[in-house]
Amino acid sequence: QVQLVESGGGLVQAGGSLRLSCAASGSISSFNAMRWYRQAPGKRREFIAIITSGGTTTYADSVKGRFIISRDNAKNTVYLQMNSLKPEDTGVYYCNALSKYNYWGQGTQVTVSS
C-alpha cells in the first residue's frame, strides 16, 4: 500500500556531492519518522540518518557533519544531501518510512570514485 521511490544516485568523484530524494505515496507527516540506510557490498545495512515527524534529526557518526536529512511535507518527499563524499560512502541507499510497519524503497546506487 505504501510506496517509496528513491532517486538521485549515481557516480561521483570523492569530495563531490549528491542529493538523494525519496518520494512517498502518502503524506510523510503521517509517519513517525523517515530514515535513510545504506548497504555496501558484503556488509550489513546500516543506519545513516533519521528525521522525526517533529523535525528532530539524528545522524550516524560516519556521516555527521557531511550529510543532511530534510523533508518537504508539501511534496511528500524526504531528502539526503551528501557532501564531501568518500569512497567508503559507496553503496545502495534506502529510504525507510517508520510507522506501525517499516516500509522500504527499492534503493538507489551511489558510487564514489577515488
Q) If residue 51 passes every condition in (1) of a type in the set (A, V, I, L, M); (2) within 19 Å of residue 113 (Cβ to Cβ); (3) within 11 Å of the chain's Cα centre (by Cα) but one, which one does it miss? A) (2)
Q | Complete set of residues in the stretch 83-93 that are surrounded by fewer than 21 Cβ atoms within 10 Å (Cβ to Cβ) and either of a type in the set (Gly, Ala, Ser) or outside any loop (DSSP other than H, G, I, E, B) (or both) | A | 84, 87, 88, 92
Q) Residues in the stretch 59-69: is at least one in contact with a Leu (Cβ under 9 Å, 6 or more places away or on another chain), among the aromatic types (Phe, Trp, Tyr), within 14 Å of residue 6 (Cα to Cα) and open to solvent by less than 70 Å² (accessible area, probe 1.4 Å)? A) no
Q) Looking at (1) modelled with pLDDT of 95 or more; (2) exposed (fewer than 15 other Cβ atoms within 10 Å of the Cβ), which is the only condition residue 3 fails? A) (1)
Q.
Can you find a residue that is of a type in the set (Phe, Trp, Tyr), open to solvent by less than 50 Å² (accessible area, probe 1.4 Å) and within 20 Å of residue 102 (Cβ to Cβ) anywhere in the stretch 72-82?
A. yes
(Q) If I ask for residues that are open to solvent by 30 Å² or more (accessible area, probe 1.4 Å) and more than 17 Å from residue 70 (Cβ to Cβ), which ones from the stretch 33-46 would you list? (A) 39, 41, 42, 43, 44, 45, 46
Q) Looking at the stretch 8-32, which of the residues that are part of a strand (DSSP E or B) and among the aliphatic types (A, V, I, L, M) is most open to solvent (accessible area, probe 1.4 Å)? A) 11
Q.
With the structure loaded, tell me whether residue 70 is in contact with a strand residue (DSSP E or B) (Cβ under 6 Å, 6 or more places away or on another chain) and farther than 14 Å from residue 47 by Cα or whether it fails that test.
A. yes
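The values are calculated or read from the model by the stated rules, or taken from the named source; none is laboratory data. The structure presented is a predicted model; accordingly, all values stated were derived computationally and were not measured. Here Cβ is always computed from backbone atoms with ideal geometry, including for glycine, and neighbour counts include all displayed protein chains. The protein model used for the area step is the full one, side chains on, heavy atoms only, and it has no ligands, DNA or RNA in it. Shrake-Rupley method; radii C 1.70, N 1.55, O 1.52, S 1.80 Å.
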